[in-house]
Structures are given as structure tokens and as C-alpha cells.
């Protein structure tokens, strides 16, 4: 269990240090706001300026994702893309992001998130070449169970943390 989003970020980036191929010129995309701590640590590691992915989710009565609106910057400059997030629950958002990136011409995708359930991995590996996490629970469950403090970041705090323009 992680103390908070920042603790999860430190844990997963420690794994990314040893698991990511170093010779590749990566493009760094970060799901904001809560993926910002992972994105900020990866930006330091890769010495890259991150770009923001924004997701607007419409949930049904049971709290499950009914529809997604994913905004990705048009200025993708490489086929090798790292997507950073705070974790995976159902995989719907991660798969939606991958599908949109593939439609933009991306060929090699890596997902980095502190929590990726083993139950979801086979679906994700259809779109992502590599999954890097610090926690791999057997089954999916709400991310709040993986963090002692799962307080969300504000969009303003995430933008500032990543050094993005508003």
C-alpha cells in the first residue's frame, strides 16, 4: 500500500529505471491530474518535458465508465510513447488512450502506473508493449484501496507540478 500518489510515483519510477530501454527517445504523456506525480518523476528520469492527457469520464449509476472523452496533444513527435497514470482499475481509460494514440500513428506504447491488476494485464498487453507497475494485485479493485491517502490533485496543482502551461 502506498502512502499517497507521490509515494506510488516514487515506487513505480524506481522500477521504470531498471525496466525501460534507455536508448529510445521517449515521448512522455501524463494523465492529469492524478497521474502528475508519476509524470513528474518520469520527466526527471528521462529529462523530458511531459505533455498532458485529459480524460472526461461519464459514469453510470453503478459508478462504471459509460463514455470517455480523451484529449491528447496533437504534437506527438515520436512513435515511442510512455503513458503515466496513477493506476489502473478496469483498464477502460488506458485502452481508450492506447486506441487514440494508435490512431495518431503511435507504434510503441508503454504504460507506467503504480497499480496494474494482473487480471487486466492481458487486455492491456494487446495495446501496450510493456507495463511497469509497483503493485500488481491479482484482481481489480478501486484505486483508493491501494493508497492510504488517495486525495486527488487539482488540475492547477498537476499543471504546476509538471511545469505545463495553463
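Bear in mind that the values in this text are calculations on the coordinates, not laboratory data. It should be emphasised that the depicted structure is a prediction, and the values quoted were computed from it without experimental measurement. So basically every Cβ, Gly included, is an ideal-geometry build from the backbone, and we count neighbours across all protein chains shown.
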Q) Using r as the Cβ-Cβ distance of residue 141 and residue 79, and R0 as 45 Å, what FRET efficiency do you calculate, to the nearest 0.05? A) 0.85
Q | Among 66, 121, 146: highest mean-square fluctuation, GNM of the chain, C-alpha pairs under 10 Å | A | 66
(Q) Looking only at the chain, where both bridge partners belong to it, what percent of the DSSP beta bridges are antiparallel (to the nearest 5)? (A) 25 percent
Q. Under a GNM of the chain (C-alpha, springs under 10 Å), which listed residue has the highest mean-square fluctuation: 55, 82, 138?
A. 138
Q: Specify the residue with the greatest mean-square fluctuation among 68, 131, 29, computed from a Gaussian network of the chain linking alpha-carbon atoms under 10 Å apart.
A: 68
Q. Residue 56 versus residue 104, label points 7 Å from Cα toward the beta carbon: distance in nm?
A. 1.8 nm
Q.
Using 0.36 nm times the number of residues separating residue 1 and residue 25, minus their current alpha carbon distance, what extension gain do you get?
A. 5.4 nm
Q: Output the relative contact order of the chain, whole-number percent, from Cα pairs under 8 angstrom with separation of 6+ residues.
A: 29 percent
**Q.** In nm, spacing of pseudo-spin labels at residue 15 and residue 45 (7 Å Cα→C-beta vector)
**A.** 1.0 nm
(Q) Between residue 154 and residue 67, what is 0.36 nm times their sequence separation minus the Cα-Cα distance? Round to one decimal in nm. (A) 29.1 nm
